[in-house]
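A.B. asks: One structure, pasted below without further comment.
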Amino acid sequence: MTMDDPVVLFVDDEEPLRHAVQQGLELCGHKVTCFATARRAEARLGRNLYGVLVTDIKMPDMDGLALLRRALEIDPALPVVLVTGHGDVPLAVEAMRAGAYDFIEKPFDTSHLASVVARALDKRRLVLENRALRQELETGSGLEARLVGRSPAMERLRGQVRALADTDADVLLVGETGSGKEVVARALHDCGARAAGPFVAINCGAVPADIIESELFGHVAGAFTGAQKPRTGKLEFADGGTVLLDEIESMPPDLQVKLLRAIETRSIERLGSNTPVPLDLRFVAASKADLAAACKAGRFREDLYYRLNVVSLTIPTLRERREDIPLLFNHLAREARTRYRREIPELDGGLLSALMAHDWPGNVRELRNAADRFVLGMGDVVPGGDSSGSTDGAGQGPLSERIDAVEKSILMAELRRHGGSLKATYEALGLSRKTLYDKLQRHGLKREDFLVSEEG
């Protein structure tokens, strides 16, 4: 969705006041459309309106309260500012409880109205941007719906997964805790020729050392005390599909030898048996540790490392792709909505700033927990209840400055992603060309600093 320039819809039956307010707001930089009646203004309302409705209460035919009710029926998140006479203040307060954004008492200073309008438009912009993100997620398919993000790092990762999905190349996934290694492994499986086969995930660090060999390779009856029946191991169970060996760095050294042979020969021997069992299997290993360093330290077999590391994919941390956080948070909130059968609240600017500023040491897993708390209506959505760990100053200073810093970082990321192309940038962000120019000027950003090739 591409948003037009923001507009103020001003409704009042007094022509001199309409003229004065329009002139004053335009001098403050706002685009204004005036209406003499509420019914004419009603025709301009819509869920995609990037604007704020400012209306007098006392008007003939249809009054401001009726227009407020109609506006909130069309879009409960549309900001409506009521203009009241002195005697209407109690009525306006009651209207605010019903959903009005604010009220201003006559006579009023136009600069004060301009300030209220500016805050309302900021809120409206966030609402529309988040709706656009949700729509993008709902209409997304394939890898875009699995590996969520528009950052260069995520686009590169999706490209790598597409290139590898239809191959049988073994893959090593490297990334911090909670970064989404299993999600990438499932994408490699589901988007390739093995999608119809099983996907088996094994956490090598969670299986006790004394049974992990049996878990992986299976056993025949009588192989050891208590082995009364034969058992199919997880590698054999995954035949025809993909096996994910998560936390591969935790595998006991003596078992690494047997795993290396299984990978090289594509066959296994069950415990207590000398008969090889052939496997049609793709191996995907995942590690949060530096396996090369583990090899040097003698904690991991070097030959197994090189056998697993046919292709290595690095999963970016959330700190490295902060511009993806709003989209990903919306995605996780939608998942939480399904699980908990709750509606998703509107994401305000303060929370967005805190989400963008947090370092997310637990990465996507930690963000998922935050999305759960958000949908459940719990406080302290961001861990610690603060905005520490900022980037580009997003976690310091007043809220307005933090939001500006977040906006600047998103603009920079999109410009980098599109090689300085303004058209691609404002379309990706759902902005008009003029709005993008204004934002670039306000943040001191120049297209030339991000230019890779000439725009088409």
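A.B. asks: Among the residues of region 303-312, is there at least one that is surrounded by 20 or more Cβ atoms within 10 Å (Cβ to Cβ), in the same structural domain as residue 376 (by TED's automatic domain parsing), aromatic (Phe, Trp, Tyr) and part of a helix (DSSP H, G or I)? Before you say what the answer is, go through the steps one by one.
C.D. replies: First, pick out the residues of region 303-312 that are surrounded by 20 or more Cβ atoms within 10 Å (Cβ to Cβ): 304-305, 308.
Restricting the remaining residues to those that are in the same structural domain as residue 376 (by TED's automatic domain parsing) gives none.
No; the residues of region 303-312 include none that is surrounded by 20 or more Cβ atoms within 10 Å (Cβ to Cβ), in the same structural domain as residue 376 (by TED's automatic domain parsing), aromatic (Phe, Trp, Tyr) and part of a helix (DSSP H, G or I).
A.B. asks: Sort out which residues of region 2-46 are within 21 Å of residue 432 (Cα to Cα) and charged (D, E, K, R), and write them in order of number.
C.D. replies: 4, 5, 26, 31, 44
A.B. asks: Residues of region 1-31 being within 19 Å of residue 95 (Cβ to Cβ) and outside any loop (DSSP other than H, G, I, E, B), which ones? I'd like the intermediate steps shown before the answer.
C.D. replies: Pass one, region 1-31, residues within 19 Å of residue 95 (Cβ to Cβ): 8-13.
Correct list: 8, 9, 10, 11.
A.B. asks: Also, I was wondering about something else. Residue 263 - would you say it is in contact with a Gly (Cβ under 7 Å, 6 or more places away or on another chain) and either touching a residue at least 24 places away in the same chain (Cβ under 8 Å) or assigned by TED's automatic domain parsing to the domain that holds residue 195 (or both)?
C.D. replies: Numbers: in contact with a Gly (Cβ under 7 Å, 6 or more places away or on another chain): no; either touching a residue at least 24 places away in the same chain (Cβ under 8 Å) or assigned by TED's automatic domain parsing to the domain that holds residue 195 (or both): yes.
It is false that residue 263 is in contact with a Gly (Cβ under 7 Å, 6 or more places away or on another chain) and either touching a residue at least 24 places away in the same chain (Cβ under 8 Å) or assigned by TED's automatic domain parsing to the domain that holds residue 195 (or both).
A.B. asks: Please determine, by comparing only the residues of region 366-417 that are touching an Asp or Glu at 6+ places or on another chain (Cβ under 6 Å) and either at pLDDT 60 or above or crowded, with 21+ Cβ neighbours inside 10 Å (or both), which one is farthest from residue 328 (Cα to Cα).
C.D. replies: First, pick out the residues of region 366-417 that are touching an Asp or Glu at 6+ places or on another chain (Cβ under 6 Å): 389, 405, 409-410, 413.
After this cut, where a residue has to be either at pLDDT 60 or above or crowded, with 21+ Cβ neighbours inside 10 Å (or both) as well, the list is 405, 409-410, 413.
Values: 405: 19, 409: 16, 410: 14, 413: 16 Å.
In this case the residue turns out to be 405.
A.B. asks: Under 8 Å between Cβ atoms, which residue pairs at least 6 apart in sequence (or on different chains) link something in region 206-233 that is free of Cβ contacts under 8 Å to residues at least 40 places away in the same chain with a partner that is assigned to a helix (DSSP H, G or I)?
C.D. replies: From residues that are free of Cβ contacts under 8 Å to residues at least 40 places away in the same chain, the pairs are 207/215; 215/234; 231/214; 233/214; 233/215; 233/216; 233/217.
A.B. asks: Name every residue in region 27-71 that is surrounded by fewer than 19 Cβ atoms within 10 Å (Cβ to Cβ), farther than 19 Å from residue 104 by Cα and under 36 Å from the mean Cα position of the chain (by Cα), in order of residue number.
C.D. replies: Passing the criteria: 29, 31, 42, 43, 44, 46, 47, 48, 70.
A.B. asks: Sticking with this structure for a sec: Are there helices (runs of 4 or more DSSP H) fully within region 32-134 with at least 3 residues that are touching a strand residue (DSSP E or B) at 6+ places or on another chain (Cβ under 7 Å) and in the same structural domain as residue 15 (by TED's automatic domain parsing)? List them. Can you show your working first?
C.D. replies: Values: elements: 38-42, 64-74, 89-97.
Filter on region 32-134 gives 64-74, 89-97.
The values are calculated or read from the model by the stated rules, or taken from the named source; none is laboratory data. What you see is a predicted model; the values in this text were computed from it and never measured. Cβ sites come from the backbone with ideal geometry, for glycine too, and all protein chains shown count toward neighbours.
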